[in-house]
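Working notes, structure below.
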């Protein structure tokens, strides 16, 4: 798709990317794309995927950085490096199991009471229940915000199709949220980008509107990382408005959704945590590695081993990371690609 758009923009249909010089950044050791083929796959279902892998294989240069800037503990780094290559030793298990939740006292567990929860399961019902339950803890009124759509059919479309906009939100003053859109990226990165975690300071309505019926006009959100101009002097509070997203479905029908670009930030699946750096996290990697890189992504979201609390699992859970053919292809590709 990027190649197609570049050709349309330049008018040059003879060269890849319209003759533009391209640089792509990413971590091939993380999870494969959802509902699409990974670059190391041996089976591509669509013409778009086939064309994409041909372009990928035509790249002439690759650079493999060796320095990790998220974690600085060598012991923890070695565990993550092993996991990323499909290896999990007895010593690795000893290090990781030191963070098992049942081994911690009440004081240590209390340090993670507000930590982000990561779940392995594809079914998000557990995550959604956890998020909704946490909004009631602050003893503030719970507000349900329904998205607005251009037609009834758009209501059944997924959050992914609407580029992060949810069909309905449950919010309360003081609840933790996460941005699902880049709101300000042109001013020296002032902290208003996708996946930024913050808090609801207040919820504002149009004068005379009934909160039980009408959606709010503004969400006042407190961003700890925000460094831009002050909306309220002496604070890091920023007003957030609802935004409109549009997309065309497989039948060529235009759908739109109007909603605040946020979601609750108490829990999410490991897939959706890719790219996040968390201050603290509670992790449940589930009973099996149903996607290559699942445990690696989960454990590498924090900077230090002490910042993670892990639901217990047996050593055997990560002993056979290369057990299936698909996983073997994944890790063989990583090994070959990283040889420079």
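The values are calculated or read from the model by the stated rules, or taken from the named source; none is laboratory data. Just so we're clear, the structure is a prediction, and the values are computed from it rather than from any experiment. Cβ: placed from backbone, ideal geometry, glycine included. Neighbour counts: every protein chain shown.
Filtered by the rule that a residue be surrounded by fewer than 23 Cβ atoms within 10 Å (Cβ to Cβ), touching a helix residue (DSSP H, G or I) at 6+ places or on another chain (Cβ under 7 Å) and assigned to a helix (DSSP H, G or I), region 297-315 gives 305, 315. So which residues in region 35-55 are without any contact (Cβ under 8 Å) to a residue 60 or more places away in the chain, surrounded by fewer than 11 Cβ atoms within 10 Å (Cβ to Cβ) and closer than 19 Å to residue 292 by Cβ, if there are any at all? Across region 35-55, the qualifying residues are 35, 43.
Does any residue of region 135-144 turn out to be touching a strand residue (DSSP E or B) at 6+ places or on another chain (Cβ under 9 Å), at pLDDT 90 or above and over 24 Å from residue 271 (Cα atoms)? Within region 135-144, one or more residues are touching a strand residue (DSSP E or B) at 6+ places or on another chain (Cβ under 9 Å), at pLDDT 90 or above and over 24 Å from residue 271 (Cα atoms). Might you check whether a residue that is in a loop (DSSP other than H, G, I, E, B), touching a strand residue (DSSP E or B) at 6+ places or on another chain (Cβ under 7 Å) and over 27 Å from residue 98 (Cα atoms) occurs anywhere in region 237-244? For region 237-244, residues in a loop (DSSP other than H, G, I, E, B), touching a strand residue (DSSP E or B) at 6+ places or on another chain (Cβ under 7 Å) and over 27 Å from residue 98 (Cα atoms): present.
In this structure, is residue 333 farther than 23 Å from residue 75 by Cβ, assigned to a helix (DSSP H, G or I) and out of contact with any helix residue (DSSP H, G or I) (no Cβ under 6 Å at 6 or more places or on another chain)?
Taking the combined requirement at face value, the residue satisfies it.
On the basis of being farther than 25 Å from residue 121 by Cα, in the same structural domain as residue 303 (by TED's automatic domain parsing) and surrounded by 12 or more Cβ atoms within 10 Å (Cβ to Cβ), does residue 78 make the cut? Judged against the criteria, residue 78 is a match. It is to be established whether one or more residues within region 59-74 are over 29 Å from residue 277 (Cα atoms) and surrounded by fewer than 14 Cβ atoms within 10 Å (Cβ to Cβ). So far as region 59-74 goes, yes, one or more of its residues are over 29 Å from residue 277 (Cα atoms) and surrounded by fewer than 14 Cβ atoms within 10 Å (Cβ to Cβ).
Within region 40-58, identify whether any single residue is within 18 Å of residue 301 (Cβ to Cβ) and either assigned by TED's automatic domain parsing to the domain that holds residue 322 or assigned to a loop (DSSP other than H, G, I, E, B) (or both), and answer yes or no. Working first, answer last.
So the first thing to find is which residues in region 40-58 are within 18 Å of residue 301 (Cβ to Cβ), and the list is none.
No, region 40-58 contains no residue that is within 18 Å of residue 301 (Cβ to Cβ) and either assigned by TED's automatic domain parsing to the domain that holds residue 322 or assigned to a loop (DSSP other than H, G, I, E, B) (or both).
Number of residues in region 93-125 that are free of Cβ contacts under 8 Å to residues at least 40 places away in the same chain and under 30 Å from residue 335 (Cβ atoms) equals 1. Considering only region 260-268, I want to know if a residue exists there that is more than 19 Å from residue 121 (Cβ to Cβ), touching a strand residue (DSSP E or B) at 6+ places or on another chain (Cβ under 9 Å) and surrounded by fewer than 18 Cβ atoms within 10 Å (Cβ to Cβ). No, the conditions are met nowhere in region 260-268.
A single member of 183, 220 is buried (at least 17 other Cβ atoms within 10 Å of the Cβ) and within 20 Å of residue 144 (Cα to Cα), and it is 220.
Every condition in (1) assigned by TED's automatic domain parsing to the domain that holds residue 285; (2) surrounded by 14 or more Cβ atoms within 10 Å (Cβ to Cβ) holds for residue 91 except the one numbered (2).
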